[in-house]
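First comes the structure, then the notes that go with it.
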Amino acid sequence: MTPMNWTCEQTDERLSDYLDNLLSAEERAAFLRHVPSCAHCAPLFADVSHLVNKLHSIAEVDAPPQLVYAILDQTLGPRESFWQRVQRTFRSMGTARFVYGAASLAVTCVVLLSASGFSFRHPKMADLHPVNIYRNANSRAHVAYARSTKFFSDLRVVNEIQSRLRENEQAPINQEDSLPQRAPGKEPGSTDGTKPGPRQQNRADGLYRNLEVLADEMPMTFSVLGGRNAR
Amino acid sequence: MEQDAQLVQQCLQGDGSAWEELVRRHTRRIYNICYRFTGNRTESEDLSQEVFLRVYRTLASYRSAHGGFATWMTSVTRNLLIDHYRRTKRDRATDSLEDKMPVVENKESAGRRPDEQALLGELSGQVQFGLTKLSPELREAVILRDLQQLEYIEIQRVLGVPEGTVKSRINRGRIELARILQQMGVRPS
């Protein structure tokens, strides 16, 4: 089998194939047999292989630092500087909406702090501790609940007294009438008309006697009860 | 690459920070392609902005199934560069040499000695000058292959031409650039 021939035209056309390892083994062998001894191909090969080596060693140039920002400005829009952002923030504070919001927030804070027991006259850092805030708020809530309960209870008592006094003014008190009277045809201790047993009768008689004694000793109380019963 | 696709999805959902991240990740690469193609820093800056603006507007048309985001973006860049080349063809006749002066690179982290750095800086300027003498088709092929170090398949996608054409352009571009550098007196060491 005769070895493959390599010509100068092939070198002109496929020199880079050799440099980039794209030749087959047979082509590579033919290339190496021809080129070093060829007056046309040898200097060409030397120049181009040197050039390629040098091209691979050339470093990239640095892009200007402002280029990235210029690209971002063009694509995403101009970006605000720190001072521009600060100025915009202060400008937005001048609106009525912001002032109203800030005032509402301040009032809310004052109310919450007052409710939590914070003293504005004698402010202490310890009062702002979450545990103290909770404790003070809890204590104040219980005191407020107890006061309101007592207030409504007092109102009820006063109302009750007033209504009793009105009733008494309308119906004058008769001490004797205030005593419970025996129902006609009924013995003490009997509610349904049936004749009570001797033991039950004795107990009812005893209670009635006790009531008579109490009526003598506490006429005011029995006058109120009697008036109510008399109605 | 997957991270790029994820960032693109976030951008499409209106996430400005995702777009910012994409810009930061690709600005340097896009700027370098533009710079190597035009040889002019100011033009490269303007073109880079134009590229990102176009990418931002057409982001919804990007499909990850058709290749990586970087490749798609490079393709957008290449189209803009060709448009720009055609637009400014007449003006280039009066271009001053000022824009084509050699540029000193900023890759000090590579740990090169100062004399090597100076040499490479000189070579970079010479290569840059030689690149601007190539036709746009050969220039873009060499930039993508040897300076951006893309694979052939990626270059094929960016340029939208068959593999054979890509190989041919890269080969002709290298030979032509070597010849230009030789004429400038740059010899292999």
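Throughout, read-outs are computed from the coordinates displayed, never taken from laboratory work. Nothing here was measured: the structure is a model prediction, and the numbers come from that model. Reconstructed Cβ throughout: ideal geometry from the backbone, glycine too, with neighbour counts over all protein chains shown.
Per residue of peptide A:42-52, the mean number of Cβ atoms on other chains within 10 Å of the residue Cβ is 5. Peptides B:167-179, A:63-75, A:42-54 ranked from most to least packed give B:167-179, A:42-54, A:63-75, packing being the mean of other C-beta atoms within 10 angstrom over each peptide's residues. Can you pull a Stokes-Einstein diffusion coefficient for the range A:96-170 at 37 °C (0.692 mPa s), Rh from Kirkwood over Cα pairs, as a whole number of µm²/s? So the translational diffusion coefficient is about 206 µm²/s. Counting Cβ atoms of other protein chains within 10 Å of each Cβ in A:10-18 and taking the mean gives 4. Shown is the FRET efficiency for residue A:132 and residue A:79, computed with R0 = 45 Å from the Cβ-Cβ distance and rounded to the nearest 0.05: 0.45. A crude spin-label estimate for the pair residue B:89 and residue A:203, with each label 7 Å from Cα along the Cβ direction, gives 13.0 nm. Here each label is just a point 7 Å from Cα along the line to Cβ, and for residue A:38 and residue A:22 those points are 1.7 nm apart.
Highest-first packing order for the peptide set B:149-155, B:68-74 is B:68-74, B:149-155, based on the mean count of other beta carbon atoms within 10 Å.
Note on A:65-75: average number of Cβ atoms from other chains within 10 Å of each residue's Cβ is 6. Each of A:56, A:23, A:44 was scored by the projection of its Cα onto the charge dipole of the range A:8-57, and the greatest displacement toward the positive side belongs to A:56; charges sit on the C-beta of Lys, Arg, Asp and Glu. Kirkwood hydrodynamic radius computed over the range A:44-138 comes to 20.5 Å, based on all pairs of distinct alpha carbons. Note on residue A:95 and residue A:211: their simple-model spin labels are 8.0 nm apart, each label 7 Å out from Cα toward Cβ.
With the charge dipole of the range A:96-170 set up from +1 on Lys and Arg Cβ and -1 on Asp and Glu Cβ about the Cα centre, the Cα lying farthest toward the positive end among the listed residues A:139, A:110, A:125 is that of A:125. For the range A:98-108, backbone phi angles converted through the Karplus equation (6.51, -1.76, 1.60; θ = phi - 60°) give residue-by-residue couplings of 5, 4, 4, x, 5, 5, 4, 5, 5, 4, 4 Hz, Gly and Pro being listed as x.
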